[in-house]
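Chemist: One structure, pasted below without further comment.
The values are calculated or read from the model by the stated rules, or taken from the named source; none is laboratory data. Nothing here was measured: the structure is a model prediction, and the numbers come from that model. No Cβ is skipped: glycine too gets one built from the backbone with ideal geometry, and neighbour counts run over all protein chains shown. Heavy atoms of the whole protein, side chains included, go into the accessibility calculation; ligands, DNA and RNA do not. Shrake-Rupley method; radii C 1.70, N 1.55, O 1.52, S 1.80 Å.
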Amino acid sequence: MEKPYAFTVHCVKRARRHRWKWAQVTFWCPEEQLCHLWLQTLREMLEKLTSRPKHLLVFINPFGGKGQGKRIYERKVAPLFTLASITTDIIVTEHANQAKETLYEINIDKYDGIVCVGGDGMFSEVLHGLIGRTQRSAGVDQNHPRAVLVPSSLRIGIIPAGSTDCVCYSTVGASDAETSALHIVVGDSLAMDVSAVHHNSTLLRYSVSLLGYGFYGDIIKESEKKRWLGLARYDFSGLKTFLSHHCYEGTVSFLPAQHTVGSPRDRKPCRAGCFVCRQSRQQLEEEQKKALYGLEAAEDVEEWQVVCGKFLAINATNMSCACRRSPRGLSPAAHLGDGSSDLILIRKCSRFNFLRFLIRHTNQQDQFDFTFVEVYRVKKFQFTSKHMEDEDSDLKDSGKKRFGHICSSHPSCCCTVSNSSWNCDGEVLHSPAIEVRVHCQLVRLFARGIEENPKPDSHS
């Protein structure tokens, strides 16, 4: 009997916990002509999929996490890129900010996307380089707090190889190198908000996950002093900061995100094809058009709200900030592309109550259901510590004019430390006084968001 003809199709197999696996299916044909016809048809269909990348720039951080970035890429990612006929230019970074500097210097027009292999720090480098390069090309001044930033046409792919991989976990649902590589191969696209952090008309950093003052700011500042401990420095610093129980006094002023169709406590998490992100962006665009044509003020002074007091922590999240240790994250219902940030204020409370709050990040209970916790969905906010207010009394006068109302006085503070630092996506910002603005869907990732109830063993 004559041997039949065959061809093999490589595909994606969905596994448990949002993971994807590479799979292959072999088709048999009794006739050679029929086999070639199938192959030709499949190739023509694949050629029409313009969303799939063909040439990528890859940055590998060989030092992040457990130092496995290069090994993870070579063993789990490179073979999949080869199967998909994706060509790559690879740069193994040798020092901090090399990826950012490179993106400012080289010709990026020849690439279909940029891939970073590492942790959240490596992603942040690529993010800053890509946004900065795009604004420079467009003639936009990043240092201007009200500048309208231009989105980049290039997508960013994240191959997780860090210690936390918060961004990857919050956008894909898993921190798995093979899963992320397959999202890149199939050409997924996910638009994501970015917050610009300014101080005195100077851009400090961009943030996509966590801006944390007080507790999380102290942790990152303390951990930087203990780098010799390796990954254990985070646990050590967290315990030390918790036991210190410092509170900080200051004023938070924010502009509520009235364009959003969701709220931080509606228990509706961001998922693939998110209706909240899509609808919120449409309403934000309509709001901006009205402001452009003078139908209403862009920043109505009546809308600004002011909260002042003593805080254990002030957190602002553009995403859920989920990770393996906290599967639901700091704000479970935060959305990736709705043009807003969830502002979480934890007022001074007992050490026991603060521990209860922290424990809820690891279970299914509502972590905002405490009298000392407040959460707001905002599109802009400012923070000034009382220490800095006392140094510059003129700030109160300007605040009264701008916001319409502000706290007239602060109760005497028993805090042992005047100022904390800001934790901006794992980097320390030493200026406590900041101005933050959310830029709706400024960057795109090779991802599709966390899929709702994925069915194991299904193919794509």
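Chemist: Of 292, 270, 258, which is farthest towards the positive pole of the stretch 251-369's charge dipole, taken about the Cα centre with +1 and -1 on the beta-carbons of Lys, Arg and Asp, Glu respectively?
Modeler: 270
Chemist: Where both residues lie in the chain, what percent of DSSP beta bridges are antiparallel, nearest 5?
Modeler: On the way: 65 of 84 bridges.
Rounded to the nearest five, the antiparallel share is 75 percent.
Chemist: Follow-up question, since we're still on this one. Do the sum for the chain: with -39,500 (n - 2.57) for every DSSP H run of n ≥ 4, divided by all residues, what is the mean residue ellipticity at 222 nm, to the nearest 500 deg cm²/dmol?
Modeler: About -8500 deg cm²/dmol.
Chemist: Over the chain, average the accessible area per residue using a 1.4 Å probe and give it in Å², no decimals.
Modeler: Values: 22360 Å² over 460 residues.
On a per-residue basis, the chain sits at 49 Å².
Chemist: log10 I(q)/I(0), Debye, Cα-only the stretch 315-369, no solvent, q = 0.17, 0.24, 0.27, 0.29 Å⁻¹?
Modeler: -0.54, -0.98, -1.14, -1.22
Chemist: Can you tally the net charge around residue 371? Count Lys and Arg as +1, Asp and Glu as -1, for every other residue whose Cβ sits under 15 Å from the Cβ of residue 371.
Modeler: That works out to +3.
Chemist: Also, quick follow-up: So how much slack lies between residue 451 and residue 201, counting 0.36 nm per residue of separation and subtracting their Cα-Cα distance, in nm?
Modeler: Details: separation 250, 0.36 × 250 = 90.00 nm, distance 3.94 nm.
Stretched fully, the residue 451-residue 201 segment lengthens by 86.1 nm.
Chemist: With a Cα-only, solvent-free Debye model of the chain, what are the log10 I(q)/I(0) values at q = 0.09 Å⁻¹?
Modeler: Log-scaled intensity ratios, in q order: -0.62.
Chemist: In the stretch 86-174, what GluC sites (Glu not before Pro) fall in a loop by DSSP, with at most 15 other Cβ atoms inside 10 Å? Each step should come with its number before you reach the end.
Modeler: Numbers: sites: 94, 101, 105, 125; in loops: 94.
Answer by residue number: 94.
Chemist: Set the Förster radius R0 to 41 Å, insert the Cβ-Cβ distance between residue 305 and residue 226 as r into 1/(1 + (r/R0)^6), and round the FRET efficiency to 0.05. Can you show the working numbers first?
Modeler: Details: r = 38 Å, r/R0 = 0.92.
It comes out at approximately 0.60.
Chemist: Next question. Which ³J(HN,Hα) values, rounded to whole Hz and listed in residue order, are derived for the stretch 104-111 from phi using the Karplus coefficients 6.51, -1.76 and 1.60 in 6.51 cos²θ - 1.76 cosθ + 1.60 with θ = phi - 60°, glycine and proline given as x?
Modeler: 3J(HN,Hα) across the stretch 104-111, in whole Hz: 6, 9, 8, 7, 9, 5, 7, 9.
Chemist: Still on this structure: May I ask you to compute the full-extension gain from residue 17 to residue 351, defined as 0.36 nm times their residue separation minus their alpha-carbon distance, rounded to one decimal in nm?
Modeler: Values: separation 334, 0.36 × 334 = 120.24 nm, distance 3.44 nm.
Length gained between residue 17 and residue 351: 116.8 nm.
Chemist: Can I ask one more? Could you give the size of the charge dipole of the chain about its Cα centre, using +1 on the Cβ of each K and R and -1 on the Cβ of each D and E, expressed in debye and rounded to the nearest 20? Let's see the in-between values first.
Modeler: Values: 58 positive and 51 negative charges, 257 e Å.
Result for the chain is approximately 1240 debye, rounded to the nearest 20.
Chemist: While we're looking at this one, here's another question. Under 1.5 on a/c is rounded, so check that first for the stretch 1-124, then, if it is not, pick prolate when a/b is larger than b/c and oblate when it is not; a ≥ b ≥ c are the square roots of the alpha carbon gyration tensor eigenvalues.
Modeler: Cα axes put the stretch 1-124 in the prolate bin.
Chemist: While we're here: Taking amide H positions as placed 1.01 Å from N in the peptide plane, with prolines and chain starts having none, which residues 5 or more places from residue 348, or on another chain, fall under 5 Å of its amide H?
Modeler: Here the answer is 310, 311, 312, since their amide H atoms fall under 5 Å of that of residue 348.
Chemist: Taking the chain as the reference, fit the longest principal axis to its C-alpha atoms, fit the long axis of helix 215-224 to the helix C-alpha atoms, and give the angle between the two in degrees, 0 to 90, nearest 10.
Modeler: 70
Chemist: Run the accessible area of the stretch 164-204 with a 1.4 Å probe and give the carbon-and-sulfur part as a rounded percent. Display every interim value, and only then the final one.
Modeler: Values: 370 of 900 Å².
C and S fraction of accessible area: 41 percent.
Chemist: Right, here's the next one. Write down Rg/Rh for the stretch 145-240, rounded to two decimals, with Rg from the C-alpha atoms and Rh from the Kirkwood relation over Cα pairs. Walk me through the numbers on the way to the answer.
Modeler: Details: Rg = 16.6 Å, Rh = 16.1 Å.
Expressed as Rg/Rh, it is 1.03.
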